[in-house]
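One structure below.
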There are 2 protein chains.
Amino acid sequence: MLLLAVVALLGPALCAQHASSLPLMPLPAHLSEGNGKLLLNGGFSVVAEGYADPRVAEGRERFLNKLWRETGIPFQTGAPDSSATMVIKTAGPSQQVEQLGEDESYHLAVTAAHVELTAANALGVLHGLQTFLQLVHITPEGFAVPVVTIDDQPRFPWRGLMIDVGRHFMPLTVIKRNLDGMEAVKLNVFHWHLSDDQGFRIESKQFPLLQEKGSNGHYYTQDEVREVIAYARMRGIRVVPEFDMPCHATSWFAGYPELASGSGPYQPITKWGIFDPAMDPTRESTFQFLDKFLGEMTALFPDPYFHIGGDECDGKEWDANPRVKQFMREHNIKDNAALQSYFSGRVEKLVAGHNKIMEGWDEVLQPDTPRDVVVQSWRGPKALAAAARQGNRALLSNGYYIDLNQPASEHYLVDPLLGEGATLDAQQRARVLGGEATMWSEFVTEENIDSRIWPRTAAIAERLWSPEEVRDVDSMYRRMALVSEKLNDDGLEHNSFTLAMLQRMSGNANPEALEVLAAVVQPPKGYAREELKQYTVFSPLNELVDAVAPESETARRFNQLATMVVAGKATGEQWQEVRTWLELWRDNDLKLAPSLKDSTLTQQLAPLSRSLSEVASVGLKALDDLKLHRTMSAAVRDQNLELLKAAGKPKAVLVDKIVPSVELLVRASGS
Amino acid sequence: MLLLAVVALLGPALCAQHASSLPLMPLPAHLSEGNGKLLLNGGFSVVAEGYADPRVAEGRERFLNKLWRETGIPFQTGAPDSSATMVIKTAGPSQQVEQLGEDESYHLAVTAAHVELTAANALGVLHGLQTFLQLVHITPEGFAVPVVTIDDQPRFPWRGLMIDVGRHFMPLTVIKRNLDGMEAVKLNVFHWHLSDDQGFRIESKQFPLLQEKGSNGHYYTQDEVREVIAYARMRGIRVVPEFDMPCHATSWFAGYPELASGSGPYQPITKWGIFDPAMDPTRESTFQFLDKFLGEMTALFPDPYFHIGGDECDGKEWDANPRVKQFMREHNIKDNAALQSYFSGRVEKLVAGHNKIMEGWDEVLQPDTPRDVVVQSWRGPKALAAAARQGNRALLSNGYYIDLNQPASEHYLVDPLLGEGATLDAQQRARVLGGEATMWSEFVTEENIDSRIWPRTAAIAERLWSPEEVRDVDSMYRRMALVSEKLNDDGLEHNSFTLAMLQRMSGNANPEALEVLAAVVQPPKGYAREELKQYTVFSPLNELVDAVAPESETARRFNQLATMVVAGKATGEQWQEVRTWLELWRDNDLKLAPSLKDSTLTQQLAPLSRSLSEVASVGLKALDDLKLHRTMSAAVRDQNLELLKAAGKPKAVLVDKIVPSVELLVRASGS
């Protein structure tokens, strides 16, 4: 129900993208635009030729269904005749289990009358179909796709999204709709973080106490896991499971305390943070347990790669256990890092014994780590480069932590092969496989997780797919907005969740004034939220901070306008837009404040709402000064900056993102 | 993204309902309100005592999950301890297959610290849980339920919703979310209209050509049907299948032309209307086929009732077939009605032979129709009463045709036992089982079907559940608005579909001006749509007429305001509201018109948009006159009424619902 008509002045028109900037994300490797367009009507039909891959057949059905969603036109889903509008040609089979580096290229040629999509195998076909769907837009003549020729393939072979279901469990529907979103932006690895201190989320038939004592009833059955793997495969997505060990594993110990280095008893942790419990690397029984467990899980997950976590051991349980200290002395293990290295080395042999390649976070990398182990870097580009130099393959997640409420532009400009990565030689660079967006789940439930993943992950997907030189942030934001709308058709709730949550917290079906506030505030960046308030696994995530997008689009666009004004480049219309926005915010507290007290969830917003109003008033005065070429006096300016400084501090765990733009205006009007 | 802040002035506040008017729909039979409230917090827990029914156990889990959706508070779903906040007491078992007239009563007592829900069986428990969920609302202290004691049971035992999946197939997800909606308003019969001229929608293993030739690939497998039946049972809902015969059956004949009275060949019909093909009642092979088919289907559907349709035979294929004429002469069958009666009688015996009770539309009722046959009346109260007088049981659907775009108030005031029904004696009245809302699907797809069913079907549900004297239309609308919001939590899309469709048709993510127009127009009532434009099963239903609600809430409320103004009872604020709305509409065309030409789907809206603007201008002039106690001259008045008459005619298959209110103003200002 956002917002007022003024939004339209800034809003993206889905049909506004033409020739020079097609609504594609990720941008293809090679694209050549023609003239004219292909009109879609009820007679549009698709035939699949060449190698008969079930993924192509099902992909065609899903394609037609999504095309219906995009147009409302019921296309014929039955067997098409030979005069089909669109011909899919699949040259050959794909691997039974998708392989890292398998050919994903495709060729898509759209003329005014015909579409040809050719690919070496089903993977390329699936990608090409998604490209076509992104190109569909409404025109005066009907829904259409522009005439275009595309030759495309990815820059990196490993383009992932990790979802942590250990901290907050996510139902199957959430996983599936996010796999749909991944397919839409050509991500190809779903990294399923299945266990952590707070929860163990998968059924083990060998060790049923893992889920019985470790999940609070929220876990996936093995049938459900198979369902997800099949669903992902149909979309050209690999599924890599992660079982974090030896730390981040308290939930295992609830059922099997003998695995731990402490004396127990253990319960799944109900707080967030880093905790002491760690597996006991000194007992053979630990490795016997793990071998059996890994045998069960490696049989369930067909992907050749298997993630064993390995991050963030504080070593305190080891320090406190005399048997561990004794073991270290006997084996000449000098410190806890070396002990973990010993543990990882043993686990690596077990993983290899089950014919899988081990993957782990930075910490698994030690001088003697086998060369085939894949390192996922949460620490940063240096750790990534170090792994590649040492001969290991690696992928980057540092910079792609989508749980930290960073703007899309920040993620977008992180490149695995720039900065430290640029110092690598060709051979080393080839070991950088790509990257993964990581969705840690301390502060998400099934209600708002989509909004933390989308649309920003589309920007990361572009970084990992498109040529290195594709780095225009404005273009990225413009295209991301269009792709974000299309993701609605996949059932993703990143655009719809805010209104639903605002209605609930206010008890008001039309909470317009609350929407005005919600549109310009953000959760604090990084880990600041935990410093502002105490949270546990039982904390309701139903407040305004949970209901707003991690990046305020309104604030971002207002900042563009304010920057234009300050630079003396704004048109008359843009001046007026800035004024209209500021007046809206100035007057909003008057409308909102009276109702805030009606709900326990909105009461706390009173200072934030009042502050927004004050900030806007300051902004309006500065705007007047700028307009009339008056110089704000130093005293007034300092007073205003003081007010803005206070206004910039989090309130109700939220940051007012208009403040920096108003500060721009104030500083300009004082000089 | 509706609309402007002015909406808030008229919008319902979810928390505004207190004491005298609880947000319940249907209203309970007996309710007594206390003081205070029960606060819901993370410690809220529920225990089920007494008879251990799996429907209660699963109902409790679903209840806690929906309570989470309503509050965002993660309640404990595991086994509760003995000090639970809420105690459910189930006295005994329910029937293995739900029976018509089975006890559905419950007792719900909420105090500030405790909740007790008692019922004879699982059905009452399920109803009581839904009542509790409707009572949840936000307060300054937190989410709460008011202190209240409720003793409740339904007025009628048969409270249904029919969905026609023959004309437009509906995926399983649509069926399931609508079953959730039915549970929320205590409807207890899902009538599944599974076949019609345009489609045969269920897998037959005995006669696979039915679905292979008759469904265009869109049908339910028997496993899916079992899934729906189990899903419905968990929600206290019976599933009654309908296979329409001997007419509305062309889709059967595509695979089995020998069933028909004509010479064929047949294809599923691709238009809407009444068609000639009819089963051949003269051949024994027809009844042998039906017996085998009914054997298969009666085994699949456990409900004791089985609907064989029987409506709308035009008899033309019979008239044209000499063998049929010959048969009629030989058997002394005087006309086609009698021939259909013969057919229905034969089918009734087959149905009875499979231990089911036959149900059919009005036409199945003949003097010799067995007394246990249930008659569903599409013709009206007289036909209903006639059936009851004749000794048959009957239910009403006439008046509950939710596909005809009538306002909720019209459906609401239709009562099976008023009017003609009031002339029945007690024994006859007892044969009136209730009624069913009927969702015929010529003009719905999975995108907009929810909006045709909800929230208006909640008003029909109240008619069928609540005491006869519950008839306050204003109260109904107030409560229906609140229930409508809660239905979002069941995944129903009746509130969210409009924006999605407007975005698609305009290619604009923020189509505010189009939303303003959409909020005040409606599809024409009754069958007028088909007279305005030609439609087939291939017609895209993606235009504005498909995207707007069947009843404009904005227009309904504006009409209330205009009525107040005309009656001289409006407050200053209400005068201002009327003005604000009219100014919004007057100015809207200027904003909307330029973008309409960008899309093939909005081009046709230009006259409608312009007309709304003109109507609003007329309204504003009339309002000025009324305000200043000026009398509009007869000439001006007539000119304005002429304009309104033209504006009242459908444009782009849509009716401007502001016109009658402006006419009120004009007539008042001219007198």
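The values are calculated or read from the model by the stated rules, or taken from the named source; none is laboratory data. The structure presented is a predicted model; accordingly, all values stated were derived computationally and were not measured. Backbone-built Cβ (ideal geometry, glycine too); neighbour counts: all protein chains shown. Surface areas here come from the heavy atoms of the whole protein model, side chains and all, with no ligands, DNA or RNA. Shrake-Rupley method; radii C 1.70, N 1.55, O 1.52, S 1.80 Å.
Numbers at a glance
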quantity: Exceeding the 18 Å Cα-Cα cut-off - candidates B:LYS186/B:LYS382; B:LYS292/B:LYS349; A:LYS486/B:LYS66; calculated: B:LYS186/B:LYS382; A:LYS486/B:LYS66
quantity: Only Lys, Arg (+1) and Asp, Glu (-1) charged, at Cβ; chain A dipole about Cα centre in debye; calculated: 960
quantity: Cα centroid separation, segment B:614-645 to segment B:157-213 (Å); calculated: 50
quantity: Copy-to-copy label separations for B:GLU116, where each label sits 7 Å from Cα toward Cβ, in nm and ascending; calculated: 7.9
quantity: Segment B:426-504: GluC sites (Glu not before Pro) in DSSP loop, at most 10 other beta carbons within 10 Å; calculated: B:GLU469
quantity: Contact order normalised by residue count of chain B, Cα under 8 Å, 6+ apart, percent; calculated: 12
quantity: Hz values of 3J(HN,Hα) by residue in segment B:182-193 - Karplus curve (6.51, -1.76, 1.60), Gly and Pro given as x; calculated: 4, 4, 4, 10, 6, 6, 10, 9, 9, 9, 9, 7
quantity: Nm distances between copies for A:LEU532, ranked from closest, using label points 7 Å along Cα→Cβ; calculated: 5.0
quantity: Selection of GluC sites (Glu not before Pro), segment A:126-231, meeting DSSP coil and at most 14 other Cβ within 10 Å; calculated: A:GLU141
quantity: Sparse-neighbour loop sites [trypsin sites (Lys or Arg not before Pro); segment A:563-671; at most 16 other C-beta within 10 Å; DSSP]; calculated: A:LYS569, A:LYS597, A:ARG630
quantity: Area hidden from solvent between A and B (accessible, protein heavy atoms only, 1.4 Å, total, Å²); calculated: 3900
quantity: Accessible surface of B:ILE333 - all protein chains present, 1.4 Å probe, nearest 10 Å²; calculated: 20
quantity: The protein assembly as shown - percent of accessible surface contributed by carbon and sulfur, probe 1.4 Å; calculated: 53
quantity: Occluded residues from segment A:111-157, i.e. those whose accessible area drops by 20 Å² or more once the chain is not alone (1.4 Å probe); calculated: A:ILE138, A:PRO140, A:PHE143
quantity: Length released on extending from A:ALA29 to A:ARG471, taking residue separation times 0.36 nm less the Cα-Cα span; calculated: 157.8 nm
quantity: Nearest-20 debye value, segment A:245-349 charge dipole, Cβ charges on Lys, Arg, Asp, Glu; calculated: 240
quantity: Residue-count net charge about B:ARG389 - beta-carbon cut-off 11 Å; Lys, Arg +1, Asp, Glu -1; calculated: +1
quantity: At least 10 Å² of accessible area lost relative to the chain alone, listed for segment B:432-466 with a 1.4 Å probe; calculated: B:THR445, B:GLU446, B:GLU447
quantity: Largest-first principal axis extents, alpha carbons of chain B, Å; calculated: 80, 69, 50
quantity: Positive minus negative residues near B:SER484 (Lys, Arg vs Asp, Glu; Cβ under 10 Å); calculated: +1
quantity: Cβ charges +1 (Lys, Arg) and -1 (Asp, Glu), total dipole of segment A:144-298, debye; calculated: 400
quantity: Long-range HN-HN contacts of A:LYS89 with modeled amide H, under 5 Å; calculated: A:GLU49, A:LEU117, A:THR118, A:ALA119
quantity: ³J(HN,Hα) computed for each position of segment B:558-574 - Karplus, 6.51 cos²θ - 1.76 cosθ + 1.60, integer Hz, glycine/proline x; calculated: 4, 5, 4, 5, 4, 4, 5, 4, 5, 7, x, 10, 6, 6, x, 5, 5
quantity: Share of Cα-Cα pairs in the protein assembly as shown lying beyond 67 Å, as whole percent; calculated: 9
quantity: Distance in nm between pseudo-label sites at B:HIS354 and B:GLN95 (7 Å out along the Cβ direction from Cα); calculated: 1.9
quantity: Between segment B:426-470 and segment A:21-95, the alpha-carbon center distance in angstrom; calculated: 42
quantity: Helix-derived mean residue ellipticity, 222 nm - over the protein assembly as shown, DSSP H n ≥ 4, -39500 (n - 2.57), to 500; calculated: -13000 deg cm²/dmol
quantity: Inverse mean reciprocal Cα-Cα distance (Kirkwood Rh) of segment A:275-406, Å; calculated: 15.7
quantity: Whole-number D in µm²/s for segment B:112-242 (Stokes-Einstein; Kirkwood sum over Cα pairs; 20 °C, 1.002 mPa s); calculated: 127
quantity: Copy-to-copy label separations for A:GLU49, where each label sits 7 Å from Cα toward Cβ, in nm and ascending; calculated: 7.4
quantity: Cβ neighbours within 10 Å from other chains - mean over A:67-73; calculated: 5
quantity: Integer Hz, Karplus 6.51/-1.76/1.60 couplings in order for segment A:21-29, x for Gly and Pro; calculated: 8, 6, x, 9, 7, x, 5, x, 5
quantity: Surface per residue (accessible, 1.4 Å probe) for the protein assembly as shown, Å²; calculated: 35
